[in-house]
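Heads up: the structure comes next, in structure tokens.
Bear in mind that the values in this text are calculations on the coordinates, not laboratory data. Fair warning: this is a prediction, and the values are worked out from it, not measured in the lab. Neighbour counts are summed over all protein chains in view; Cβ atoms, including those assigned to glycine, are modelled from backbone coordinates with ideal geometry.
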Amino acid sequence: MANLRRGGSASLFFIEGDLPSLQAPEFAAALERQRFRSIETAAAEEVSIGWVTCNDPSGGSFEREDIDLDRALWLQIRVDKKKLPMRWVAIYRAAAERAAGRKLSGKERKALKEDLADQLLPRVLPAVQLLDVLIDTKQHRALLFSTSKSTRDEFVSLFKKTFGSADLRPATAFEWAVRGNLALQARHYLEEVAPVQWPSPKPAPRRTAPERQPTSTKAVEAEA
């Protein structure tokens, strides 16, 4: 079995609702429906997101021994992104402009990019990202080894699609406190607390009226 990485940033979520047990056929069936599907031979720019295990990153199997860590369930999310390399587009565009002796119009650039996509994308391998996920079914917690907002959103969406009866709530400091063993009075107080900007902004300098210059006695006598 592959090793779970020991360091790095992570995001914690609380699981709301019930998950099927690992031993239940429904668990493997849920993963199978949302398993990773390859876009290696795709002829268009695509993104594929789905479940895999540490010993089968293809998403073809979900063996119990690959998932069960006793204290938690270990899954991985595989994210493949296939994009047309912009450097190749720039090279072909420069060659086309040299041949034409002028800059390509917007319509011509679009047609060139579409033609290059048909030629190159079937030969381009997608960029692959594997994200570890730990699910503690007893404590109703899920740990995603990433703090990227887009990745967190993708994880929440995939989790909801997979386990429709369960949802995820980010484990903010407020959520930690609410779920703790707080006295009722303290919990009510916490619910009324508003966030405070820290450090507090400095107050604007107080504006004062300019001082009047004293008028000399000679000037007063001259005006009289």
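Things to note:
- Spin-label pair residue 94/residue 139, simplified geometry with 7 Å Cα→Cβ offset, distance in nm: 5.4 nm
- Length added when fully stretched, residue 157-residue 176, from 0.36 nm per residue minus Cα-Cα: 4.6 nm
- Dimensionless Rg over Rh [region 57-143; C-alpha; Kirkwood]: 1.32
- Full extension of the chain between residue 45 and residue 32 yields a length gain of 2.3 nm, computed as 0.36 nm times the residue separation minus the alpha carbon distance.
- Per-residue ³J(HN,Hα) for region 28-35, Karplus 6.51 cos²θ - 1.76 cosθ + 1.60, θ = phi - 60°, Hz, x for Gly and Pro: 5, 5, 5, 5, 4, 5, 10, 6
- The Cα center of region 8-36 and the Cα center of region 116-188 differ in position by 11 Å.
- Those aspartates and glutamates that a straight Cα-Cα span of less than 13 Å connects to residue 161, excepting residues fewer than 8 apart in one chain: 32, 153
- Charge tally around residue 134: other residues with Cβ under 10 Å, Lys/Arg +1 each, Asp/Glu -1 each, net 0.
- Pairs from 81/160; 82/138; 113/160 whose Cα-Cα separation, in the structure shown, is over 32 Å: 82/138; 113/160
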